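Undergrad: Submitted below is the structure of interest, expressed as C-alpha cells.
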Amino acid sequence: MAGKRAATATRSRGRASQPRVSVLVADDHLTYAEALAEALRARGDLRVQVASLRDDLVAAAQRSRPQVLLLDLDTRGPAVAELVRRLRAAHPEGRVLLLTGREDDYLRALAVEAGAAGFVSKFTPLASLARLLRAAAAGEPVTEREELARLGRVLRHRRQQEATERQRAGRLTPRQLEILQLLADGVPPREISERLGMSHFTFRTHVQNILTRLGVHTKLEAVALAIRHGKISARV
C-alpha cells in the first residue's frame, strides 16, 4: 500500500514538473464540455478552458491562445472544415483536434484537409485523451500516417463521385427537371400527369429515364441528387 502511494506521488510530482498544456474545449453541449474540462484539469498539467460552438470560437481562440483546441465534430457537419480553416488562420500556432462519437470518414477527411491535426473518439479513455493532448501540444503526430493516407483516398473518391453526379444532373432535360420539382413539392404522380397533360404510362417512362440518367434507383434518390446539385429547390 505504501509503495502504491509513493508511486502515485511520484507520478503526480512528474506531471507537476511538466510545463502546463493549454487546451480549449469547444462543444455545443456545455455540460459535456465542462465535465470533460474538469476531468482533464485533474490530470495536473492541463490548463483547460471551455467555449461554446454557438459563440465566436475564432475570437475565443485568439483570446485564450490555446496550444490545443479540442473541437466537437459531430454537431458541425461539413461546415467544420471552414471553421478549422478560420481557426488555423487566426491562431496558426495552435493545433486543432476533432472530438467525435461517430464514424464519418468524409467529415474527418474534410477536417484534416482543412488543417486539423487529427481526431479523437469520444470513447477514448481519459488518460489516453490527456496523452494525445500533450502529444499534439508538443507537435507530435496524433493520427497514424496510414490513416491520413486512407482519409485522403476517401476524399478523392467522394469528390470524383460528386463530379460524376454533377455531370449526370447537368444532362437532365427541362421536362425532367419539371417532373423532379413537382415530386420535390410533394405533388402525387397522378396529379403530375394531369398537370403536364401526359398519360400515367408516359409519366412512368419519364421517371425511368430520370433514374437511368442519374444512376439512382428511386424517385427519392433522384430528387435528393437534383436538390444537392442545385437543379431544383427543396420543398419549404
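The values are calculated or read from the model by the stated rules, or taken from the named source; none is laboratory data. None of these values were measured; they are calculated from a predicted model. Note that we place each Cβ from the backbone using ideal geometry, even for glycine, and neighbour counts take in every protein chain shown. Each accessible area value is taken on the protein alone, full model and side chains, heavy atoms only, with ligands, DNA and RNA left out. Shrake-Rupley method; radii C 1.70, N 1.55, O 1.52, S 1.80 Å.
Undergrad: Taking only pairs six or more apart or across chains, which ones have beta-carbon atoms under 7 Å, a first residue in the stretch 166-184 that is touching a residue at least 60 places away in the same chain (Cβ under 8 Å) and hydrophobic (A, V, I, L, M, F, W, C), and a second residue that is assigned to a helix (DSSP H, G or I) and surrounded by 12 or more Cβ atoms within 10 Å (Cβ to Cβ)?
TA: Sorted first by the residue in the stretch 166-184, then by its partner, the pairs are ALA169/LEU214; ALA169/LEU225; ALA169/ALA226.
Undergrad: Hey, can you tell me all the residues within the stretch 42-56 that are at negative phi and either in a strand (DSSP E or B) or surrounded by 14 or more Cβ atoms within 10 Å (Cβ to Cβ) (or both)?
TA: Residues satisfying the conditions are ARG43, ASP45, LEU46, ARG47, VAL48, GLN49, VAL50, ALA51, SER52, LEU53.
Residue-by-condition table, conditions (1) within 13 Å of VAL25 (Cα to Cα); (2) modelled with pLDDT under 90; (3) surrounded by 18 or more Cβ atoms within 10 Å (Cβ to Cβ):
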position: THR75; (1), (2), (3): no, yes, no
position: VAL80; (1), (2), (3): no, yes, yes
position: ARG88; (1), (2), (3): no, no, yes
position: TYR106; (1), (2), (3): no, yes, no
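Undergrad: Would you check if there is a residue in the stretch 158-180 being in contact with a Phe, Trp or Tyr (Cβ under 7 Å, 6 or more places away or on another chain) and not polar (S, T, N, Q)? Break it down into steps so the answer makes sense when it comes.
TA: Taking the stretch 158-180 and keeping what is in contact with a Phe, Trp or Tyr (Cβ under 7 Å, 6 or more places away or on another chain), we get 158.
In the following step, the residues that additionally are not polar (S, T, N, Q) were identified as 158.
Within the stretch 158-180, one or more residues are in contact with a Phe, Trp or Tyr (Cβ under 7 Å, 6 or more places away or on another chain) and not polar (S, T, N, Q).
Undergrad: Please give the helices (runs of 4 or more DSSP H) falling wholly within the stretch 136-213 in which 2 or more residues are out of contact with any Lys or Arg (no Cβ under 9 Å at 6 or more places or on another chain), within 25 Å of ARG228 (Cα to Cα) and open to solvent by 60 Å² or more (accessible area, probe 1.4 Å). Steps first, please.
TA: Details: elements: 145-170, 174-184, 189-195.
Qualifying helices (runs of 4 or more DSSP H): 145-170, 174-184.
Undergrad: Let me ask something additional. Have a look at ALA59, ALA37 and point out the one that is at pLDDT 85 or above, part of a helix (DSSP H, G or I), open to solvent by less than 10 Å² (accessible area, probe 1.4 Å) and over 21 Å from PRO141 (Cα atoms).
TA: Details: ALA59 fails: open to solvent by less than 10 Å² (accessible area, probe 1.4 Å).
That would be ALA37, the only listed residue that is at pLDDT 85 or above, part of a helix (DSSP H, G or I), open to solvent by less than 10 Å² (accessible area, probe 1.4 Å) and over 21 Å from PRO141 (Cα atoms).
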